[in-house]
Amino acid sequence: MDLYSGYINKLIEELSGLPGIGAKSAGRLALHLINMPKDRVQRLAKTIIDAKENVRYCNTCYTLTDNETCPICANSKRDHSVIMVVENPRDLAAYEKTGKYEGIYHVLHGAISPMIGIGPNDIKLKELMQRLEGDVQEVIIATNSSLEGETTAMYISKLIKPTGIKVTRIASGVPVGGDLEYIDEITLLRALEGRVEL
Ligand code: ZN
């Protein structure tokens, strides 16, 4: 028996496909949306579509941005000779929030995970290697301390070593399996300051 109309069921189904939204939350959100004024629902829908249509990868670091080059890469006051490698734009945001990192970034959009079939070619690794042809003094590997993050760090370090560029890994103050996004700024800064050469 259908408790709701077909439209609401469809809405619940779509919402429950989002990360962190279970069936209960999806039901609550769907009813909330239906009860919202029509202009607010339209604004929300438009915001989602606009973001999807206009957000793209920075042509240098591959973070998400509205422009060809993101504000960090476009900032001449940043130290462009130091590149911090992170798994995703949320990790970049976590380091940016500390306000203490002066270098630039490279976003891999994932980590190597043989278990689920994600190999080096499935993340932005070629793109990182291409950037190293420029004037780069240090690559700081700030992938997560999960198995995938460590595997990725080792892989990148082996690739970069022959180039003679300094490769460092953030300190293991970051809890194992910890998502960088949820780690406080002091811990992140300690991890960055205590980085070790690989
Ligand atoms: Zn960028």
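The values are calculated or read from the model by the stated rules, or taken from the named source; none is laboratory data. The structure presented is a predicted model; accordingly, all values stated were derived computationally and were not measured. Cβ sites come from the backbone with ideal geometry, for glycine too, and all protein chains shown count toward neighbours.
Below, the figures for the structure above:
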item: Only one of D184, D179, D135 that is modelled with pLDDT under 95 and farther than 15 Å from D91 by Cα; result: D135
item: Selected residue [among the aliphatic types (A, V, I, L, M), modelled with pLDDT of 95 or more and surrounded by 15 or more Cβ atoms within 10 Å (Cβ to Cβ)] from I141, I118; result: I141
item: Residues located in the range 64-91, provided they are over 16 Å from the mean Cα position of the chain (by Cα) and either under 22 Å from T187 (Cα atoms) or of a type in the set (V, I, T) (or both); result: T69, V82
item: Criterion (in contact with a Pro (Cβ under 7 Å, 6 or more places away or on another chain), outside the structural domain of K166 (by TED's automatic domain parsing) and either loosely packed, with under 13 Cβ neighbours inside 10 Å or among the β-branched types (V, I, T) (or both)) met by exactly one of T63, T47; result: T63
item: Evaluation of Y101 against (1) in contact (Cβ under 8 Å) with a residue 60 or more places away in the chain; (2) within 16 Å of the chain's Cα centre (by Cα) (one fails), failing number; result: (2)
item: Candidate set from the range 68-79 (those that are surrounded by 12 or more Cβ atoms within 10 Å (Cβ to Cβ) and more than 9 Å from the ligand (Cβ to nearest atom)); member that is farthest from Y105 (Cα to Cα); result: E68
item: Residue, nearest to the ligand (Cβ to nearest atom), within the range 95-105, restricted to residues that are part of a helix (DSSP H, G or I) and surrounded by fewer than 20 Cβ atoms within 10 Å (Cβ to Cβ); result: E96
item: Within the range 36-66, tally of residues that are more than 30 Å from E150 (Cβ to Cβ) and within 9 Å of the ligand (Cβ to nearest atom); result: 0
item: Out of I160, I170, I112, I116, sole residue that is farther than 23 Å from R78 by Cβ and touching a strand residue (DSSP E or B) at 6+ places or on another chain (Cβ under 7 Å); result: I112
